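Undergrad: Here it is: the structure, laid out below.
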Amino acid sequence: QNPLGDATVTVEGGNLRVVLPQNVEHAVTGGGNTMPRVVQPATDGDFQLDVKFAGAMSQQVQTAGIDIIADAANYVQFEVYSNGSSMRMYAGVVVGNSSSSRSDVALAPNGASPIYMRIKRERNTWTQMYSLDGSTWNPAAEFTHTLIVRSVGLVAGNYGSPVPANTALFDYIRTTLPPVPRLVSPLNGTTGLNATVTLAWSASSGA
């Protein structure tokens, strides 16, 4: 999705590269969202996503993140951005094109790279975490919000005065939620069992 038609999207060196020109704002406003997205379908269930941002951002305001989307006017935002003096992590919800913040925390010196973000959805509870090394995770936000998930999109944005150019680099987005354990024995739907039954479940590595 390229609302203003001016974003350039390429894959270079294994990274997804989204380039935005200067002096043109790509942001969420009351009239809609002009940030370009690289979108893929998603199921409406519990999940966990890890995103690695590979590019350094250092100007006010350059941002990159992920949207969890119901439709064009309703979604959840998770972003990493530079305010010109530090790196910050943002979480917010958009309902009917109206945006409201849930969290906005400092996480690293300005220009720090790479930065990792983890998003976990359990029913209506959303958890956002960050890491600077990909192994040690720190809390950023937790909130509740009802959303019917239909897709997810990597996003890039820029705004401010003046509006800086922005090159957002995404190394990867991965689904990391452990698999759901399944009943091994007795088989699901088995009848005629004794009053005392021993259930065996498949392992769920990482749960």
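The rows are residues; the columns are (1) free of Cβ contacts under 8 Å to residues at least 12 places away in the same chain; (2) crowded, with 20+ Cβ neighbours inside 10 Å; (3) part of a strand (DSSP E or B).
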| residue | (1), (2), (3) |
| --- | --- |
| Lys120 | no, no, yes |
| Met129 | no, no, yes |
| Gly134 | no, no, no |
| Glu142 | no, no, yes |
| Ile148 | no, no, no |
| Leu154 | no, yes, yes |
| Ala168 | no, yes, yes |
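Undergrad: Looking only at residues in region 156-166 that are open to solvent by less than 50 Å² (accessible area, probe 1.4 Å) and among the small types (Gly, Ala, Ser), which one is nearest to Gln48 (Cα to Cα)?
TA: At the first step, the residues of region 156-166 found to be open to solvent by less than 50 Å² (accessible area, probe 1.4 Å) are 156-158, 160, 163-166.
So of that shortlist, the ones also among the small types (Gly, Ala, Ser) come out as 156-157, 160, 165.
Working: Ala156: 21, Gly157: 23, Gly160: 32, Ala165: 31 Å.
Filtering region 156-166 for residues that are open to solvent by less than 50 Å² (accessible area, probe 1.4 Å) and among the small types (Gly, Ala, Ser), the one nearest to Gln48 (Cα to Cα) comes out as Ala156.
Undergrad: Among (1) modelled with pLDDT under 95; (2) more than 18 Å from Arg118 (Cβ to Cβ); (3) in a loop (DSSP other than H, G, I, E, B), which single condition is Val184 missing?
TA: The failed condition is (3).
Undergrad: Separate question: Got a sec? Which strands (runs of 3 or more DSSP E) wholly within region 1-66 have at least 2 residues that are surrounded by 13 or more Cβ atoms within 10 Å (Cβ to Cβ)?
TA: Numbers: elements: 8-12, 15-20, 37-41, 47-53.
Those strands (runs of 3 or more DSSP E) span 15-20, 37-41, 47-53.
Undergrad: Consider region 83-103. How many of its residues are charged (D, E, K, R) and more than 19 Å from Asn138 (Cβ to Cβ)?
TA: Keep residues of region 83-103 that are charged (D, E, K, R), which gives 88, 102.
Now narrow it down to the ones that are more than 19 Å from Asn138 (Cβ to Cβ): none.
Qualifying residue count for the region: 0.
Undergrad: To continue, here is another question. Quick check on this structure: which one of Gln48, Gln59 is touching a strand residue (DSSP E or B) at 6+ places or on another chain (Cβ under 7 Å), of a type outside the set (A, V, I, L, M, F, W, C) and under 20 Å from Thr8 (Cα atoms)?
TA: Values: Gln48 fails: under 20 Å from Thr8 (Cα atoms).
Just a single option satisfies the conditions, and that option is Gln59.
Undergrad: Continuing with this model, one more query. Looking at the structure I just gave you, is Arg174 open to solvent by 60 Å² or more (accessible area, probe 1.4 Å), out of contact with any His (no Cβ under 7 Å at 6 or more places or on another chain) and either under 30 Å from Thr34 (Cβ atoms) or modelled with pLDDT of 90 or more (or both)?
TA: On the way: open to solvent by 60 Å² or more (accessible area, probe 1.4 Å): yes; out of contact with any His (no Cβ under 7 Å at 6 or more places or on another chain): yes; either under 30 Å from Thr34 (Cβ atoms) or modelled with pLDDT of 90 or more (or both): yes.
Criteria met by Arg174.
The values are calculated or read from the model by the stated rules, or taken from the named source; none is laboratory data. Predicted model only: the values in this text are computed from it and were never measured. Backbone-built Cβ (ideal geometry, glycine too); neighbour counts: all protein chains shown. Ligands, DNA and RNA are stripped out before the accessible areas are found, and what is left, the full protein with its side chains, is counted by its heavy atoms. Shrake-Rupley method; radii C 1.70, N 1.55, O 1.52, S 1.80 Å.
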